[in-house]
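The values are calculated or read from the model by the stated rules, or taken from the named source; none is laboratory data. Here the structure is a predicted model, which is why all the values come from computation and not from measurement. Counting neighbours? That spans all protein chains shown, and the Cβs are built from the backbone with ideal geometry, glycine included.
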Amino acid sequence: MKHSLLARARVPALALAVVVPLAACAADDGGGHDMAGMSGGSSSPSATAPGDPSEAAVNDADVMFAQMMVPHHEQAVEMSDTLLAKDGVGPELVDLAQQIKAAQGPEIETLTGWLADWGADPAPGGTTGHGMGGMMSAEDMQALDDATGADAERLFLEQMVEHHEGAVEMARAEVADGADAGAVEMARSVVDAQTDEIRLMQELLASR
């Protein structure tokens, strides 16, 4: 009799032992996934689709690079236009000034577009004196405007070497600290192209 009672007691216990794991599995199959989806923002995908502009992909170094490089490039274009407007400029200097304009004009448009896309304040236009690396003062720009012949060529080369050195310094800072892939790539291009132009200008100065 005792054995019969024990057998009956074991049946519900076994049934319960089977039911509990099954219930747990059911919770894992259904509710478990819901919990995983609610388990914190770190596991959920970003609201920004891959390839879309994202604030997380842009940092202060990128914004500063664009804001500073726009007026810096604008002044280089202005200096080149000033030289190209003069009579008797040698063909090597003409080619150099045109090369600078051809490279930096489109970069100004790209940089300005990035600033708009990033929601950043646009860079101020025009010259800003010596507060930015390599920038010419108003007096420097007037001296170039007033110069003629060989003096104009020499002054242009001297000023543009200094100007390019400032741009290379800013670009290297962006390469080191920037986050936006496009801005970093442009900075690398500025370093390479303007370093080559500095070398050329120094050679031209040495030959005079």
Of (1) surrounded by 15 or more Cβ atoms within 10 Å (Cβ to Cβ); (2) outside any loop (DSSP other than H, G, I, E, B), Q202 satisfies every one except (1)
Hey, among the residues in the range 101-116 that are within 16 Å of the chain's Cα centre (by Cα) and free of Cβ contacts under 8 Å to residues at least 12 places away in the same chain, which one's farthest from H163 (Cα to Cα)?
A116
From the list A147, A76, A102, which one is buried (at least 16 other Cβ atoms within 10 Å of the Cβ) and within 21 Å of V184 (Cα to Cα)?
A76
Filtered residues of the range 158-208 (kept if under 22 Å from E92 (Cβ atoms), of a type in the set (S, T, Y) and at pLDDT 95 or above)
T195
Positions within the range 148-160 being without any contact (Cβ under 8 Å) to a residue 60 or more places away in the chain and not basic (K, R), in sequence order:
A150, D151, L155, E158
If a residue must be touching a helix residue (DSSP H, G or I) at 6+ places or on another chain (Cβ under 7 Å) and either without any contact (Cβ under 8 Å) to a residue 40 or more places away in the chain or assigned to a helix (DSSP H, G or I) (or both), how many such residues does the range 79-95 contain?
8
